[in-house]
Amino acid sequence: MKTIYNGIIKENPTFVLLLGLCSALAVTKTVESAYLMGICVLVILIFSSFVISLIRKLVTDSVRIPVYILIIGTFVTIVEVLLKEYIPDLYSALGIYLPLIVVNCIVLGRAMVVASKENVGKSVLDAIGIGLGFTLAITIIALIREILGTNTITLIDSISSFTGYKAIYKDILPSTDIFPISIFTTSTGAFLTLAFLIALFNKIKGGKKNESN
């Protein structure tokens, strides 16, 4: 559990390690697209870490990067095919950022730093922690951006044809001359939200560290 906790809090890929920020900014216009991207990254992290850890002693240093990219790319392709076949709306919503998981520094980074050196159990636990940390981080960013930018929360919309369930909650905040703030639907709003959350996250972490001392 400590490994999972570290991935979510101490080594959060978005708020602490500052990795995978392209997708963190690009897919966080709605809560739905954010957490679904997070789930995709989580699944790919788990399976790629499992396989890489399993074969780590068979791969030499000279070829390990292309081998790891090939493994990660295989799982990304499998996820792509499944989404395109069964949930095409979600596949379209995630767009180019889905195949870019192949070169996402979170996935490749954990493969190089953890899966290539640790046993299968620890590698999978690390993947779960980092994947959950990334999913929670981008979901929080999306929640703030969507509420402040459109005064709605989109939970299950683009895959409603597959699940039969659709939920878009509107008018979350009281209607005023201030809300919604349209800048939060833009890339500028994404950067502002990310910067605020990084500062808040590290402030909370710093406060807890001082209390423990």
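For the stretch 40-157, would you read off the P(r) tail past 17 Å as a percentage of all alpha carbon pairs?
Numbers: 4070 of 6903 pairs.
Roughly 59 percent, rounded to a whole number.
If the viscosity is 1.306 mPa s and the temperature 10 °C, what translational diffusion coefficient in µm²/s does Stokes-Einstein give for the stretch 95-136 when Rh comes from Kirkwood over Cα pairs? Please report the intermediate quantities before stating the final value.
Numbers: Rh = 10.9 Å.
So the translational diffusion coefficient is about 146 µm²/s.
Put a dot 7 Å past each Cα toward the Cβ at Leu155 and Ile65; how far apart are the dots in nm?
According to this spin-label approximation, the distance is 4.4 nm.
With charges only on Cβ, +1 for K and R and -1 for D and E, what is the dipole size of the stretch 2-204 about its Cα centre, in debye, rounded to 20?
Working: 14 positive and 12 negative charges, 131 e Å.
I would put it at about 640 debye.
Separation of the stretch 15-63 and the stretch 65-133 by C-alpha centroid, Å?
4 Å
Order by neighbour count: Thr28, Thr150, fewest other Cβ atoms within 10 Å first, most last.
Working: Thr28 28, Thr150 20.
The fewest-first ordering by Cβ neighbours comes to Thr150, Thr28.
Is the chain best put as rounded, prolate or oblate by its Cα gyration tensor, with a ≥ b ≥ c the root eigenvalues, rounded for a/c under 1.5, and otherwise prolate when a/b is larger than b/c, oblate when not?
On the way: a/c = 2.34, a/b = 1.36, b/c = 1.72.
Verdict is oblate for the chain.
In what order do Met112, Met1 fall by count of nearby beta-carbon atoms within 10 Å, going from fewest to most? Don't jump to the answer; show the numbers that get you there.
On the way: Met112 15, Met1 7.
The fewest-first ordering by Cβ neighbours comes to Met1, Met112.
With unit charges on the beta carbon (Lys/Arg positive, Asp/Glu negative), name the residue among Val76, Gly95, Leu155 whose Cα is farthest towards the positive pole of the charge dipole of the stretch 55-197.
The Cα lying farthest towards the positive end belongs to Val76.
Tell me, rounded to the nearest percent, the portion of alpha carbon pairs in the stretch 1-102 spaced more than 24 Å apart.
Working: 1577 of 5151 pairs.
Here the long-distance tail beyond 24 Å is 31 percent of all Cα pairs in the stretch 1-102.
Each reported figure results from applying straightforward, stated rules to the coordinates on display, with no laboratory input. In this text, all values refer to a predicted model and were calculated from it rather than measured experimentally. Note that we place each Cβ from the backbone using ideal geometry, even for glycine, and neighbour counts take in every protein chain shown.
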